[in-house]
Amino acid sequence: MNKLRKLGTWLWRSKERMLLAVVVVILCYQVWTLLHWEPLVVDPIPEPRREPPADWPGPPKPVITPVPPVRPSYEALVLNNPFTVYGSTEPADEKKPERPDLGVQLVAIRPWKNNEVRAEIAVRGKRVRIKEGDSIDQVNLRLDKIDAENQSVVLSSDEYGRIELTVGG
């Protein structure tokens, strides 16, 4: 048992030397393989051909997609009915002038501080909340009146005149 303990102690004390010996052996083997290498035999790269081989069928033919047939238009039959009367039942002097599309829409009438109300108006997709007397600079309109009961507002402008808007209309 004493000899086994002495062997273990000697191994423990000389472990660094044994590791160094293993590393030196591996290094020697790597140097030996570098000095005694065998060349790898590789086939030479063939020269490119100037003409295709005789049995080559040629490039593939392009696929031609057929043009879809043109469908006949039935819009003339549906939209232009010969029996439709184009006109108005209103007398000519009572016709209302058409309001130009300014991109202005009344979204809602909102309660505000101190028992006031504000009109939420969408102008070309952007929403603004304004009170009576304020103006909308993008379209040069002024808010004259807010009617919270009927959910409507009255806008006016020198250029467009008086415009009345209702919620959702």
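The values are calculated or read from the model by the stated rules, or taken from the named source; none is laboratory data. These numbers were taken from a predicted model, which means no experiment stands behind them. Here the Cβ positions follow ideal geometry from the backbone for every residue, glycine too, while neighbour counts run over all protein chains shown.
Key figures
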| read-out | value |
| --- | --- |
| Residue within the stretch 15-35 that is at pLDDT 90 or above and of a type in the set (Lys, Arg) present | yes |
| Yes/no for Val63 being free of Cβ contacts under 8 Å to residues at least 24 places away in the same chain, of a type in the set (A, V, I, L, M) and assigned to a helix (DSSP H, G or I) | no |
| In the stretch 135-152, residue farthest from Asn114 (Cα to Cα) [restricted to those that are acidic (Asp, Glu) and surrounded by 14 or more Cβ atoms within 10 Å (Cβ to Cβ)] | Asp144 |
| Exclusive hit being within 38 Å of the chain's Cα centre (by Cα), surrounded by 10 or more Cβ atoms within 10 Å (Cβ to Cβ) and at pLDDT below 85, set Leu102, Leu79, Leu155 | Leu102 |
